[in-house]
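Single-structure report; data block below.
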Amino acid sequence: MAALEFQAQYLPPNNGQPPPSLEFNLHPTWEIAYNHFQDRLGNALPKMSAVIPTNRPTGVNHHINWETLTHAGMGALGLPPIKN
């Protein structure tokens, strides 16, 4: 979650100023982690919540890029409950 929020602060629409010599890009690989931490576990990811809609739907040139279709808003649908 910390890594998602860290990178999200430098992506549109958040547009934080990245540290020197670092470059951040929006690639279509966020939905699975976002679904797990935000939708499934209920953790707030405010910076990533701003970024995700700007990246939907993800493309389909690699299998992972179907993630919007397979994970967006799914939460824990079809999965066993998480034990605390």
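Couple of notes before you dig in:
- Computed over protein heavy atoms with a 1.4 Å probe, the carbon and sulfur contribution to the accessible area of the chain reaches 60%.
- Accessible surface, per residue, of region 11-51 when the full set of protein chains is kept, probe 1.4 Å, Å²: 59
- Computed over neighbours whose Cβ is under 15 Å from that of LEU4, the net charge equals -2, Lys and Arg +1, Asp and Glu -1.
- Computed on the chain, with alpha-carbon pairs under 8 angstrom and 6+ residues apart, the relative contact order is 33 percent.
- Using the Cβ of ALA72 as centre and a radius below 14 Å, the other residues enclosed give a net charge of -1, where K and R count +1 and D and E count -1.
- Extension gain for the segment SER21 to LEU79, taken as residue separation times 0.36 nm less the Cα-Cα distance, is 16.8 nm to one decimal.
- Springs join every pair of Cα atoms under 10 Å in this Gaussian network model of the chain, and among HIS27, HIS36, HIS71 the largest mean-square fluctuation is at HIS27.
- Overall, the anisotropy analysis places the chain in the oblate class: the square-rooted eigenvalues a ≥ b ≥ c of its C-alpha gyration tensor yield a/c not less than 1.5, with a/b not exceeding b/c.
The values are calculated or read from the model by the stated rules, or taken from the named source; none is laboratory data. What you see is a predicted model; the values in this text were computed from it and never measured. All Cβ positions, even for glycine, are placed from backbone atoms using ideal geometry, and neighbour counts span all protein chains on display. Each accessible area value is taken on the protein alone, full model and side chains, heavy atoms only, with ligands, DNA and RNA left out. Shrake-Rupley method; radii C 1.70, N 1.55, O 1.52, S 1.80 Å.
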